[in-house]
Structures are given as C-alpha cells and as structure tokens.
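The values are calculated or read from the model by the stated rules, or taken from the named source; none is laboratory data. Being a predicted model, the structure only gives us computed values, none of them experimental. Methodologically, a virtual Cβ is constructed for each residue, glycine included, from the backbone with ideal geometry; neighbour enumeration extends over all protein chains shown. These area figures cover heavy atoms from the full protein model, side chains too; ligands, DNA and RNA do not enter into them. Shrake-Rupley method; radii C 1.70, N 1.55, O 1.52, S 1.80 Å.
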Amino acid sequence: MAAANHSPSSPYSCAKDSGPVIPTTSLVTFLERVQETAFQTYERSKFDHKDFIDLSLKFDLSTTVKAFDEISKTENGSVSTKDFEEFIGKWFKSAGEDLVYVEPMDFETEPYGFLPKVENPEVRAWALEVHGLWKKLSREVSSSVHDHPELHTLLPLPVPGMIPGSRFREVYYWDSYWVIRGLLASKMHETAKAIVTNLISLLDTYGYVLNGARAYYTNRSQPPLLSAMVYEIYNRTGDVDLVKKALPALLKEYQFWNSEIHTMIIHDAENCNHSLNRYYAMWNKPRPEASAIDKRFASKFLNVNEKQKFYRELASTAESGWDFSTRWMRNPSEFTSLSTTTILPVDLNAFMLRMELDIAFFAKIVGDDAIAEDFLTASHTRKKAFNSVFWNENMGQWVDYWLNYGAEPKEPQTWEAQNQNQNVFASNFVPLWIDLFNSDTPLVEKVTRSLQSSGLLCAAGIATSLTNSGHQCRDFPNGWAPIQHMIVEGLWRSASTEARKVARDIAERWIRANHVAYKKTGTMHEKYNVEKCGEYGAGGIYRPQVPFHLHIFLA
C-alpha cells in the first residue's frame, strides 16, 4: 500500500491541537473582516483575497474600524458593491502602494560578460529583454512603513530588493534563491547581497526567516535556502564580509529548524536514531492572506479542534513552498486531508543537509574550525539518514516518509517500509542537487534511469507530480522552475555522461517552452504546462502570475 493512503488513525481525531501559535496584529485581524466582506461582495472570479489583506490604512485603525462597522448592510448582512468600493477608496491606500519603485543600483542594459555561452542571436536578444525586467521588479519599502508600521501589513526592510511580481508584492523567502541566481547572471551582485541583508534582518528580528515580509507571515518560515544564497554570492564575488555577517544568522536559523516542533526521531533497522525535519507552522487559524477561502474548506469539520488541526496543516503546507499538492494529502481526491506535519519531506531534509555543508564551509572561511567540524559531522550523520529513511532501492529514488499519526516529537518512531510514500513526485529527485549525492556516479546513474522511467519527463520539462488535481502549480501537468533547476543542476554537476545528457535535454525543453510562452505573452510565468510547449500552467486559488522569477538565467 502506498504511504499516501496509509493512515494508522484518522488524521483529524479530536486530540487537542496544542502546538505553538504566534499572535497576529490588530490590523491583520481587521483586514480579515474586510477580506470576508469582499468575498461576499464580488463574484468569485473577480476576487483575489490577498488584495484586501495587503491594504494600507489612510487613517488610524480605530477610526477605520468604526467607519467599517457603520457601512449600511442589507437584511442578510451583505454590503452593496458600490458602498464597499466607496469605503475602500476613502479609507485605504491601494495594495502595493507601501512599496515604491527604486532604480536598481547595479543594473546595466547589457552587462559585460552576460551569458557568454548563449550564441543564438534570437535567444540572446530574448535573454537581454528578460534581463531588462529587473528594472520593473526593483522596490523599496516606503517611508510610511518605517514611520507608521501600525498602518501596514508590509514589514520594514533596511534596503531595496526585488519582488516576484504581480500579486506577490513583497519579498518571499525561498523564491529569493532563484532571484539571486538570476541577479548573479545579470552581474547585479550588490542587489543580490541586498536581498540577503533583508532576509537576515527578518531572521534577526523574529528568530527565523519569514515566509514573506508581511505581518501575516510571521507564523511560519519557508524552505531554508539562505545558506545557499550566501554560498552562491560568495562563490561569485569572494565577499568574506558577507560570510562573516551571515554565519551567526545561519546558526540561529539552524537552531530554529532543529527546534522540537520541526524535528522527529526515526529509529532504523540498525538500531540508529535519526533526527529529521518536517514543516510545522506556528498557527492553527485561517491563514490571513486566504482567510475567507480557508474558512470555507474548514466548514466540513464539526468541532474547533478539527478546524484548528486543518488550519495548521494549511499553514504548514504553505511553509513547504508546495502549497498545494496531493503530495501532502492522505486522500489525493480530498483537499481537507492535508497532513503535512506528519511527513518528513525528502527535499526539506536535503535543504538541511545543504545548510550543514554550507555552514561548515563558511566556518572554515572565518577560521572557526570547531563549528566547521561539528557541521561536517552533522552532514555525514544526515547523509546516513537519507540512506536509512528516505532511499527506496526498488524505485531508485528518495521518497517522503510518513510519520505514525499522533506521535510525540520526543518519542522515536520505528522505521517501517510501508510509511515510505511510493508515489512519484519531482521532489524525490531533489537530493541530486546536493554534492554529497551527485558526486556518487553509480548512484546518479541509477537515479537518472529512475527519473527517465518515472513518467515525470514531458515534452516541455519535468512535471511536479503524476496526479492531475488542479492544485496550484505543484501537480500534473504543471512544471515549476525551481524543480527544473535543482534536478538539472544536480545531474549536470555529476561525472556521468548519461546524467549530463539528460540534464541538457531537460534544460533545452524547459527553455524552449519559456521562450515560446514569452513570444506569445510578452512575459515570464510562474508555472508552465509541461505537456504543451509554450502553454503556461493552471490550477490553484489565484490566477497565473506574471512577470515571475527570471529563471531563464538558470540555463
């Protein structure tokens, strides 16, 4: 039985949800009310819940709340579209007005040494055109956010940076890794460093890097790729000062991800205990940025504890960056069966391994041999855990491991083969991105053959899963740039001729699809349909976003 269907007990029993919850702000609570009214006022197709949680106040909160309570309502409690829009226009600044455009400090129309291996004139012209999009995405936090933070959900950041685009108006954590890769290809080293400065600022303030730079994201993080960002910048610039600045923050982040809520112990067949990581948001309420929709999904649950558990799963899935996918569902056909907190994800643990290796490397640079030795030891210990817990020899892949439901973090769980999720997801191949794995040529060739026979390789790239669920960009037939990059780069770094050939083929398919879509639409997209070259992806609770991360530079 595949682990996705293996449920030792009901995932939503009446056991009390006693995990941590981070308090929200009064402004966020009020904007959830505004969002709910918008949800009732507009047609579903014209409603984006995030637009209303991102509004900034023109006046103080108490006065605005009073005015909101005085809006005339019909007998059933609804508000007319005219009255609602007049209220929004009078009392709020538009979403996004708390960020202002700033000229990138190091942008050049055609940087010296830009993509030297790209010789095709048409592709080169396209790459330079996409490079020009950086000027459209450069922002800094407005002075109002610094002077009157109580009027905004946007959090103050010290320096300008890049935003993903469209509805994603603020800095996001793990997306920033690929933004930085693009910036480095564009020779925009100072802008890349500025992004790291902003993320370290969040880490210093909250003890972890937030999902995004909004007050409603303080309840969770995202996949921990800060160390990888610092490594890529150092590798390109040799900036030792950046390493010295980042190392204390990375040690703090490592401690956060190894806190009790994010770790579980697995006891393997050789009597070894392995401490591994999971996603676990500090939240058991509707996500403010999607509160109205979350409540509708939760309405099927009969009591408060069931709802709270579901809300924590929603937020934890958002922490994974994979919001949403059948990967996290005990029943792939039922969205409310999300059970992310009971999964040890193979890719999260690969990111933790990468962090351990990076910290060891940085510690060597600054001359702290004790820290370097500790983290090298930790990385080798985790590699053993990959072999014992995640590796599936028959599949030739690493797979997620499902925890027995209801277990306490401090209690070791005995490894069981049936708890490995044998469904195929692109995340099963992410460990290839880590040099400890891609340097093992026989292993790489075995995994490459598994990828080729997995069903994930399509005409326009790697599908995220084999299940067409309609959930966001993390299920079939959608392809997603971060996944393409990590797998392609892992294969390419290996010494295997076979793996490098597959890497080139995937990269060419993906770039071709991006190019065709760009010629059709004039922009980059968040996701693409890997069955149809040049078609962008679909599914999820919001429309496909443009422009999005400039992943073309990863080619």
Query raised in the report: Out of all the residues in the stretch 366-413, which are in contact with a Phe, Trp or Tyr (Cβ under 8 Å, 6 or more places away or on another chain), open to solvent by 10 Å² or more (accessible area, probe 1.4 Å) and of a type in the set (A, V, I, L, M, F, W, C)?
Result: W391
Requested in this report: Please find, within the stretch 249-284, the residue that is farthest from the chain's Cα centre (by Cα) out of those that are in a loop (DSSP other than H, G, I, E, B) and surrounded by 20 or more Cβ atoms within 10 Å (Cβ to Cβ).
Outcome: N284
**Report entry** Top-ranked residue of the stretch 448-484 - restricted to ones that are more than 23 Å from the chain's Cα centre (by Cα) and part of a loop (DSSP other than H, G, I, E, B), ranked as surrounded by the most Cβ atoms within 10 Å (Cβ to Cβ)
**Finding:** S454
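Yes or no, residue by residue, for (1) in contact with a His (Cβ under 9 Å, 6 or more places away or on another chain); (2) surrounded by 23 or more Cβ atoms within 10 Å (Cβ to Cβ); (3) not aliphatic (A, V, I, L, M); (4) not in a helix (DSSP H, G or I):
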| residue | (1), (2), (3), (4) |
| --- | --- |
| P442 | no, no, yes, no |
| K446 | no, no, yes, no |
| I487 | no, yes, no, no |
| W492 | no, no, yes, no |
| A503 | no, no, no, no |
| W510 | yes, yes, yes, no |
| H515 | no, no, yes, no |
Report summary line: Expected output for the stretch 366-378 (first residue free of Cβ contacts under 8 Å to residues at least 60 places away in the same chain, partner of a type in the set (A, V, I, L, M, F, W, C), Cβ below 7 Å, 6+ apart or cross-chain) is A372/A360; A372/A363; F375/I359; F375/A360; F375/A363; L376/A360
Query - Residue count, the stretch 77-96 (criterion: under 30 Å from I180 (Cβ atoms) and exposed (fewer than 12 other Cβ atoms within 10 Å of the Cβ)) - result: 0
Query raised in the report: Can you tell which of T29, T41, T24, T37 is at pLDDT 95 or above, among the hydroxyl-bearing types (S, T, Y) and surrounded by 13 or more Cβ atoms within 10 Å (Cβ to Cβ)?
Result: T29
Query raised in the report: Within the set of pairs 6+ apart or on separate chains, which have a first residue in the stretch 70-83 that is at pLDDT 90 or above, a second that is of a type outside the set (S, T, N, Q) and open to solvent by 100 Å² or more (accessible area, probe 1.4 Å), and C-beta atoms under 7 Å apart?
Result: V79/K73
**Report entry** Residues located in the stretch 169-191, provided they are hydroxyl-bearing (S, T, Y) and farther than 18 Å from L157 by Cα
**Finding:** S186
Query raised in the report: If you go through the stretch 517-531 one residue at a time, how many are surrounded by fewer than 18 Cβ atoms within 10 Å (Cβ to Cβ), in a loop (DSSP other than H, G, I, E, B) and at pLDDT below 90?
Result: 2
**Report entry** Residues (in contact (Cβ under 8 Å) with a residue 12 or more places away in the chain, among the acidic types (D, E) and open to solvent by 60 Å² or more (accessible area, probe 1.4 Å)) located in the stretch 97-128
**Finding:** E97, E103, E108, E110
